[in-house]
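Asks: Attaching a single structure in structure tokens format; questions to follow.
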Amino acid sequence: MSLVNQSKDESYVASESKRLPSIGVSSCLMGQPVRFDGNHKKNNLVTEYLKDKFNLVSICPEVAIGMGVPRQPIRLMQAEKNTVRALGVRDHTLDVTDELRNFAVDIAPTLATFSGYIFKKDSPSCGVFGVKLYETEGMSAKSGRGIFAEQVLRANPNMPVEEEGRLNDLELKDNFIRRVFIYHDWQSRVRQGLTCHSFEEFHRIHKFTLLAHDQHCYRQLGKYVAGCTKKELKKRSECYIAEFMNALKNIPTVDQNINVIMHIMGFLKRDLTSTDKAELVRTMNKYRVGDVSREVPLTLISHHLKNYPNQYLSSQHYLNHAMPI
Ligand code: SF4
């Protein structure tokens, strides 16, 4: 699905026909020849690996505001009063800052349906981290953020975002996918009309994930859920999801994952035989020294849950292998 040829004032609603989380993707990463020089920057991880997990919606803001292909390249320039402008590299009178911002505002209803976004790095429109910001002619002393990306992030502060380069890191990639699915769960509950019950359920099924990512948040966030009334729901849930999604940016360490696995073992201590426990500890030690992945002890626990059903544990997203963790 593409917004490449979307005019600025066309309203657009992302299709949910595939019932997968929708994520925005910079069009050039999808292999579309929309860059200033007519080329693309196809990213196989996005086009091959992620295409079955998500409904990918491609967006090229520069084409969408009518810059055409090929076009004069732009770059970020420091302007008056500490502002940043997107100006033509050859012709500084070309200033597309407002158009890029306005395009993000125009498609805000679509962006709000996204559960994540993958941006092209280094782009003065789409880059998120460390885009070159020029102070004077030919000198880039600072780093900034692409104009379109900045507006998208400001309007959707809880939405998981990544740049394609960072997704080559296995842990960052897995964490991005996990965050997208969890945020999608939250958005679905909000779309259906969040209730105190669905709020509490969200907290309950993501508790171990939260514990793995951030122990402090794990202890603190329960306060928003406990005793929540209908009157307080909006305010409490907005504070909650902001802190929750922020906590999920932390990548769990091996020790943090082991802490969660030990926690899970505590729930099964009366059911597991001493042989079961010894095997689980052995597997956990193999995970600790890097001989096996985290999925190995988790698979063993899932196996035990078939023999010793435990509804609370089975509902945990952390143990749910259907999720791409
Ligand atoms: S980085 Fe963004 S603006 Fe540039 S070609 Fe890719 S999608 Fe278009």
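Asks: Express the relative contact order of segment 109-170 as a whole percentage, based on alpha carbon pairs under 8 Å and six or more residues apart in sequence.
Replies: 36
Asks: Full extension from Thr299 to Thr275: what is 0.36 nm times the residue separation minus their Cα-Cα distance, to one decimal in nm?
Replies: Separation in residues times 0.36 nm, less the Cα-Cα distance, equals 7.0 nm.
Asks: Name the helices (complete DSSP H segments) of the chain with a Cα length along the long axis of 30 Å or more and a Kyte-Doolittle mean of at least -0.5, or state none.
Replies: Result, helices passing both filters: zero.
Asks: What residues from segment 225-251 fall in the zone where the backbone N is under 14 Å from a label point 7 Å along the Cα-to-C-beta line of His197?
Replies: The answer is 230, whose backbone nitrogens lie closer than 14 Å to the label point.
Asks: Which of Ala104, Ala79, Gln32 sits farthest toward the positive end of the charge dipole of segment 16-104, with +1 on the Cβ of Lys and Arg and -1 on the Cβ of Asp and Glu?
Replies: With unit charges placed on the Cβ atoms, the residue in question is Gln32.
Asks: For segment 130-262, give the magnitude of the charge dipole about the Cα centre (Cβ charges: +1 Lys/Arg, -1 Asp/Glu; no others), in debye to the nearest 20.
Replies: 680
Asks: Between Asp37 and Phe267, with labels modelled 7 Å along Cα→Cβ, what's the label distance in nm to one decimal, could you check?
Replies: About 5.3 nm separates the two model spin labels.
Asks: Turning to a different aspect of this structure: Over segment 270-325, with the other protein chains present, what is the accessible area per residue in square angstrom, probe 1.4 angstrom?
Replies: Solvent-accessible surface per residue comes out at 58 Å².
Asks: Keeping all protein chains in position, work out how much accessible area Val289 exposes to a 1.4 Å probe, and write it in Å² to the nearest 10.
Replies: Val289 has an accessible surface of roughly 100 Å² with all protein chains in place.
Asks: Report relative contact order for segment 254-319 in percent, whole number only (criteria: Cα-Cα under 8 Å, sequence separation at least 6).
Replies: After rounding, I find 33 percent.
Asks: Leaving ligands, DNA and RNA out of it, report the carbon-plus-sulfur percent of the accessible area of segment 170-247 at a 1.4 Å probe.
Replies: Numbers: 1970 of 3700 Å².
C and S fraction of accessible area: 53 percent.
Asks: If you count only protein heavy atoms and use a 1.4 Å probe, how large is the accessible surface of Met265, to the nearest 10 Å²?
Replies: 30
Asks: In debye to the nearest 20, how big a dipole does segment 254-319 give about its Cα centre with +1 on each Lys and Arg Cβ and -1 on each Asp and Glu Cβ?
Replies: Using only the charged Cβ atoms, the result is roughly 100 debye.
Asks: Then there is this: For Arg166 and Lys231, compute 0.36 nm times the residue count separating them, minus their Cα-Cα distance, and round to one decimal in nm.
Replies: So the chain would gain 19.3 nm between Arg166 and Lys231.
Asks: Length gain on complete extension for the stretch Ser314 to Asp98, per 0.36 nm per residue less the alpha carbon to alpha carbon distance?
Replies: Net length gain for the segment: 72.8 nm.
Asks: Once a ≥ b ≥ c are taken as the square roots of the eigenvalues of the Cα gyration tensor of the chain, is the result rounded (a/c under 1.5), prolate (a/b larger than b/c) or oblate (a/b not larger than b/c)?
Replies: Prolate, because a/c is 1.5 or more and a/b exceeds b/c.
Asks: Something else about it: Straight-line reach from Lys234: which aspartates and glutamates have a Cα under 20 Å away, not including same-chain ones fewer than 8 places off?
Replies: Asp185, Glu200, Glu201, Glu243
Asks: Pairs Lys230/Lys269; Lys121/Lys231; Lys81/Lys231; Lys41/Lys207; Lys142/Lys249: which exceed 31 Å Cα-Cα?
Replies: Working: Lys230/Lys269 38 Å; Lys121/Lys231 42 Å; Lys81/Lys231 42 Å; Lys41/Lys207 38 Å; Lys142/Lys249 24 Å.
Going by Cα-Cα distance, Lys230/Lys269; Lys121/Lys231; Lys81/Lys231; Lys41/Lys207 fall outside the 31 Å limit.
Asks: Let a ≥ b ≥ c be the square roots of the eigenvalues of the Cα gyration tensor of segment 97-179; is it rounded (a/c under 1.5), or, if not, prolate (a/b larger than b/c) or oblate?
Replies: oblate
Asks: Any idea what the dipole of the chain comes to, in debye rounded to 20, about its Cα centre with Lys/Arg Cβ at +1 and Asp/Glu Cβ at -1? Could the numbers behind the result be given before it?
Replies: Numbers: 44 positive and 36 negative charges, 177 e Å.
Charge dipole of the chain: 840 debye, to the nearest 20.
Asks: Taking square-rooted eigenvalues a ≥ b ≥ c of the alpha carbon gyration tensor, is segment 170-247 rounded, prolate or oblate, where a/c under 1.5 means rounded and, failing that, a/b exceeding b/c means prolate?
Replies: Oblate is the answer for segment 170-247, as a/c is 1.5 or above yet b/c matches or exceeds a/b.
Asks: Taking Cα pairs under 8 Å and at least six residues apart, what relative contact order does the chain come out at, in percent?
Replies: Result for the chain is 13 percent.
Asks: Then there is this: Under 17 Å from the 7 Å Cα→Cβ point of Asp174, by amide nitrogen: which residues of segment 240-282?
Replies: 248-262
Asks: On the principal axes of its Cα set, how long, how wide and how thick is segment 176-216? Give whole Å, largest value first.
Replies: 28, 21, 13
Asks: Keeping every protein chain present and rolling a 1.4 Å probe, give me the accessible area per residue for segment 170-247 in Å².
Replies: Ligands and nucleic acids excluded, the figure is 47 Å² per residue.
The values are calculated or read from the model by the stated rules, or taken from the named source; none is laboratory data. None of these values were measured; they are calculated from a predicted model. A quick note on method: Cβ atoms are made from the backbone with ideal geometry, for glycine too, and the neighbour counts reach across all protein chains shown. Surface areas here come from the heavy atoms of the whole protein model, side chains and all, with no ligands, DNA or RNA. Shrake-Rupley method; radii C 1.70, N 1.55, O 1.52, S 1.80 Å.
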